[in-house]
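The values are calculated or read from the model by the stated rules, or taken from the named source; none is laboratory data. In this text, all values refer to a predicted model and were calculated from it rather than measured experimentally. Cβ atoms come from the backbone with ideal geometry, glycine included; neighbour counts cover every protein chain shown.
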Amino acid sequence: MNTPDAQRPRSELFRRIALVLVSLVVGLGLLELGLRASTWSWLFAWPNFVLDARKVLADRDSGRTVHDERLGYVPRAGYATAGIPIEENGLRRTGPAPADGRAPILAVGDSFTFGEEVGDGETWPADLQRLTGRRVLNGGVSGYGFDQIVLRTEALAPLYRPEAIVVAFIADDIRRTEMRRLWSADKPYFEPEGDGLSLRNVPVPPRAPALDTLTFWQKTLGYSFAFDFILRRLDQLHDWYGDHIRVHPRGTGERLSCLLTARLAELQKSGGAKILLVAEYDPVVWDDPSFAAEQRRMTRDLLACGKKNGLATLDSYEALAATPRPRDLYVLWHMNAAGNALIARLIADALGLKGY
């Protein structure tokens, strides 16, 4: 039987734990108020930062994109804001096209192909059109994974019957094939099946309301200015704000992407258009050697798969690295006009069309 003296140490332990917890809560509360007071405006405004960020993204995307049951989303035809005019079938304008009746060149890829952060005349597809005198169709879509890029290529090629198709990617597009949802937008994905692939999540569901995508912690800690402040300093807001759902273990995307080059090879064979697989590079490659090594390894492996399957390939790394300051070829995250002009010249040479 426990005596009062025997119970005292346990009661004392509970009191100490309670005191620590209360002190922690008070300390965090003071930190929260102190940081908010330092900026003043946030002392009287208490939004959920994660929810607000996702609402802004949803509002932007709902204006410039439209839901697509096979691809997830595509640029909205008729959209024309901030130098980004979108034409039929979600193609970004590349400028006046030569009316010579020749088959066009189709460019497909992610935001680097679409040309984020530059005007419509400064994308590399627009540069390629001016450089070669051939009509170039910009079918790039921001945020796409390599799986979506291949599906987009398969959708557009029969419509335009191009003479050549340029399929561009960055290494992160390979990782994106491991996801079912990226930046709050559901997407198709592939499952390995025998020696091939099976398409999943099609028809792709429409974007869910922003509030429905929040986890318990995002619904609670999302209101904390201090938590947001700390994550911002640690450069961890991407995953905190982002709404991503993974369906494959890390690294699976490399196998999936390799198998997807076989689909491109089949398209090249059936459609007759030469396909050029082009590697572009994230600007962080020029800032972080360890990141660069991994990105280059993934890139080389995918290009090797493409080449093995009969595709022409182009790795832009050496040409970018040979410039005085490769980082100067970017705005923030994407190529600037000079960077896109260099990519266009490399592609024109690879297609044998420079000065045509």
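Quick notes
- Members of the range 115-133 found to be closer than 15 Å to P85 by Cβ, modelled with pLDDT of 95 or more, touching an Asp or Glu at 6+ places or on another chain (Cβ under 9 Å) and not in a loop (DSSP other than H, G, I, E, B), listed by number: A126
- Residue list for the range 219-245, restricted to those being over 23 Å from the mean Cα position of the chain (by Cα) and not in a helix (DSSP H, G or I): S224
- Test: residue in the range 234-245 that is out of contact with any Pro (no Cβ under 6 Å at 6 or more places or on another chain), over 21 Å from V56 (Cβ atoms) and surrounded by 15 or more Cβ atoms within 10 Å (Cβ to Cβ): no
- Against the conditions (1) part of a helix (DSSP H, G or I); (2) surrounded by 14 or more Cβ atoms within 10 Å (Cβ to Cβ), H248 satisfies every one except (1).
- Taken over the range 138-152, the criterion of being of a type in the set (S, T, N, Q), closer than 17 Å to I174 by Cβ and buried (at least 24 other Cβ atoms within 10 Å of the Cβ) is satisfied by Q148 alone.
- The selection criterion, being surrounded by fewer than 18 Cβ atoms within 10 Å (Cβ to Cβ) and within 21 Å of E318 (Cβ to Cβ), does not hold for S270.
- For the range 72-114, the tally of residues that are part of a loop (DSSP other than H, G, I, E, B), more than 24 Å from D282 (Cα to Cα) and small (G, A, S) stands at 7.
- Selection status of A304, assigned to a helix (DSSP H, G or I), under 29 Å from R345 (Cβ atoms) and in contact with a Phe, Trp or Tyr (Cβ under 8 Å, 6 or more places away or on another chain): no
- Note on the range 272-284: residues that are touching a residue at least 24 places away in the same chain (Cβ under 8 Å) and within 19 Å of the chain's Cα centre (by Cα) total 7.
- Members of the range 312-356 that are of a type in the set (K, R), in contact with a helix residue (DSSP H, G or I) (Cβ under 6 Å, 6 or more places away or on another chain) and either at pLDDT below 95 or part of a loop (DSSP other than H, G, I, E, B) (or both): K354
- Meets criteria (outside the structural domain of F229 (by TED's automatic domain parsing), surrounded by fewer than 16 Cβ atoms within 10 Å (Cβ to Cβ) and either hydroxyl-bearing (S, T, Y) or touching a Cys at 6+ places or on another chain (Cβ under 9 Å) (or both)) for S62: no
- For the condition basic (K, R), assigned by TED's automatic domain parsing to the domain that holds H244 and crowded, with 21+ Cβ neighbours inside 10 Å, R135 qualifies.
- Subset of the range 182-194 [in contact (Cβ under 8 Å) with a residue 24 or more places away in the chain and not in a strand (DSSP E or B)]: W183, S184, K187, P188
- Listed conditions (1) crowded, with 24+ Cβ neighbours inside 10 Å; (2) within 23 Å of R176 (Cα to Cα) are all met by S111, apart from (1).
- Which listed residue is of a type in the set (D, E, K, R), in contact (Cβ under 8 Å) with a residue 24 or more places away in the chain and under 16 Å from A171 (Cα atoms), from D301, D243, D288: D301
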